[in-house]
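The values are calculated or read from the model by the stated rules, or taken from the named source; none is laboratory data. A quick note: this is a predicted structure, and the numbers were derived from the prediction, not measured. Neighbour counts run over all protein chains shown; Cβ positions are idealised from the backbone, glycine included. Note: areas computed on protein heavy atoms with side chains; ligands, DNA, RNA excluded. Shrake-Rupley method; radii C 1.70, N 1.55, O 1.52, S 1.80 Å.
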Amino acid sequence: MNPSLYTRTFWLACAIHFTGAMSHGMFLLFPLFVRFLGGDDLLIGLVLGAGLAVSVAVRPAVGTLLDRLGRRRVLLWSGMLSAASYPLFLLLRTTGPWLFVLTTFNLVVGGALFAGYFTYAAGLVPAERRVEGIAVFGIAGMAPNGIGPALGEVMIGRAGYHGLFLTAGAFAALSVVLTLLLPGDGHRVERAGGAVRVREMARVLRRGDLLTVMVATVLFGAGVNAAFFFVAPYTRDLGIERAAPFFGAYAATTILLRLFGRRLPDRLGPERIAVPAFAVFALGLAALTLLPAPGVLVVAGIACGAGHGTLFPVLNGLAVIRTPPRLHGTIVSLYTAALDGGAVLGTPVCGAIAELAGYRAMFATMAAMSLAGLASMWMDARR
């Protein structure tokens with residue numbers, strides 16, 4: 001391995017990412033908590049969609065803070081707020097305004113952390129190995145998507161939702177402690193006026209090559225959040241006791257791809273990888289409509305994990321490559337905002353479709369949206 005990429009600071013950043021992402025991985029069972037409080041699928045979609053909408057709205061401001069204040073400071077403050085947010089859910093007894101408030105608070109600070117993790121990583125990896133570096137760093141965030149829900153289901157079974165939220169808060173707090181060990185990142189930029197930065201970013205986005213990536217990222221984000229937040233309640237409705245096999249297969253496949261195929265996008269070109277990755281991801285979402293057939297939960301997890309594990313670093317790398325270095329903090333924040341933007345649009349729609357037409361119709365719709373992402377990247381590759 002190239003020591004200029006795999007440094008001590010890089011591995012420390014991976015540990016920070018892993019522990020912070022563990023709290024988010026456990027939060028993927030949040031829809032079950034909403035049902036516990038008396039909510040339905042439509043409310044699940046509305047609560048998550050509203051929170052993600054606010055998170056997306058403030059993401060450009062997060063990008064500005066990352067560029068001006070430095071990545072480490074933003075990670076520290078966001079991490080502390082995240083750790084404080086999880087125990088607050090235990091104060092809820094019914095669905096109502098406070099459910100929306102606490103969920104929004106958690107998702108806003110979670111979005112800031114997500115942007116901070118990958119902006120910090122982008123500053124650590126050599127430009128010529130950008131996609132490889134982001135792919136390996138992303139393993140630390142993907143593993144908790146398999147471990148977190150499995151651990152969360154165990155904690156709910158043994159200690160109820162107190163066990164779920166307190167354990168999630170503990171992982172977030174550990175991430176903050178590790179962040180204190182990071183050296184000063186030194187990634188502050190000159191304080192250009194806000195209007196100047198907005199105009200400059202708008203010029204970059206108007207370029208067709210970057211705008212296409214953002215559209216594809218929105219469609220990708222809609223599918224990801226459908227898989228993350230709606231598989232658990234879907235399996236419960238079908239009488240399947242645990243959703244962990246899906247999340248475990250999803251995360252394991254992603255990790256294997258990033259370990260053994262991490263250099264492939266840099267060698268073949270990310271544009272050539274994106275189209276088949278979208279096809280595999282759509283296949284995984286479509287396979288969920290075949291449940292409760294034996295083995296489908298694992299097969300769908302493998303396909304979704306293969307698509308996600310490839311698409312996330314490829315789309316992120318394309319966004320960074322096509323943007324001037326002085327705007328990397330802003331573009332990574334916008335990239336993560338585009339992912340969440342897909343959730344803002346898709347999560348309420350998923351909840352409504354699930355409530356009115358059932359989960360099979362919902363996952364089929366999300367598979368079709370992923371095929372639209374395939375079409376956009378196919379046109380981008382031709383151009």
Item to complete: Normalise the Cα radius of gyration of region 33-133 by 2.2 N^0.38 Å (N = residues in it) and let me know the number.
Response: 1.28
Worksheet, complete the sentence: By accessible area (1.4 Å), largest first, R8, R130, R72, R158 order as R158, R8, R72, R130
Worksheet item: Could you give me the ³J(HN,Hα) list for region 235-249, computed from phi with Karplus coefficients 6.51, -1.76, 1.60 and θ = phi - 60°, whole Hz, x at Gly and Pro?
Response: 5, 5, 5, 8, x, 8, 5, 10, 8, 4, x, 5, 5, x, 5
Worksheet item: Where the centroid of each part is defined by its Cα atoms, how far is region 358-383 from region 1-30 in Å?
Response: 29 Å
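Could you order F36, F105 so the one with the most accessible surface comes first? Probe is 1.4 Å.
F36, F105
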Item to complete: Enumerate the calculated ³J(HN,Hα) couplings along region 108-122 in order (Karplus 6.51 cos²θ - 1.76 cosθ + 1.60, θ = phi - 60°), each rounded to whole Hz, writing x wherever the residue is Gly or Pro.
Response: 5, 5, x, x, 5, 5, 4, 5, x, 4, 7, 5, 4, 5, 4
Worksheet item: Expressed as a whole percentage, what fraction of the accessible surface of the chain belongs to carbon and sulfur atoms when a 1.4 Å probe is rolled over the protein heavy atoms?
Response: 69 percent
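Take peptides 59-66, 116-123 and line them up by average Cβ neighbours within 10 Å, highest first, as a rough protection proxy.
With the highest mean Cβ count within 10 Å placed first, the list reads 116-123, 59-66.
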Worksheet entry | Estimated vicinal HN-Hα couplings, Hz - region 73-90 in sequence order (Karplus 6.51, -1.76, 1.60; Gly, Pro = x) | 5, 5, 4, 5, 5, 5, x, 5, 5, 5, 4, 6, 6, 5, x, 5, 5, 6
Item to complete: Would you mind calculating the gained length between A357 and L37 on full extension (0.36 nm times residue separation, minus the Cα-Cα distance), in nm to one decimal?
Response: 112.9 nm
Worksheet item: What whole-number value in Å² describes the accessible area per residue of the chain for a 1.4 Å probe?
Response: 38 Å²
Worksheet entry | Structure-based [θ]222 nm, the chain - -39500 (n - 2.57) summed over DSSP H runs of at least 4, per residue, nearest 500 | -29000 deg cm²/dmol
Item to complete: Select one label from (i) 69, 47, 35; (ii) 53, 44, 41; (iii) 83, 52, 46: the one whose number is Cα extents along the principal axes in Å as derived from the coordinates shown.
Response: (ii)
Practice prompt. Report the full-extension gain for the segment R272 to E128: residue separation times 0.36 nm, less the Cα-Cα distance, to one decimal in nm.
Written response: 50.1 nm
Worksheet item: Which order, highest average first, do 218-225, 354-361, 168-175 follow once you tally other Cβ atoms within 10 Å for each residue and take the mean per peptide?
Response: 218-225, 168-175, 354-361
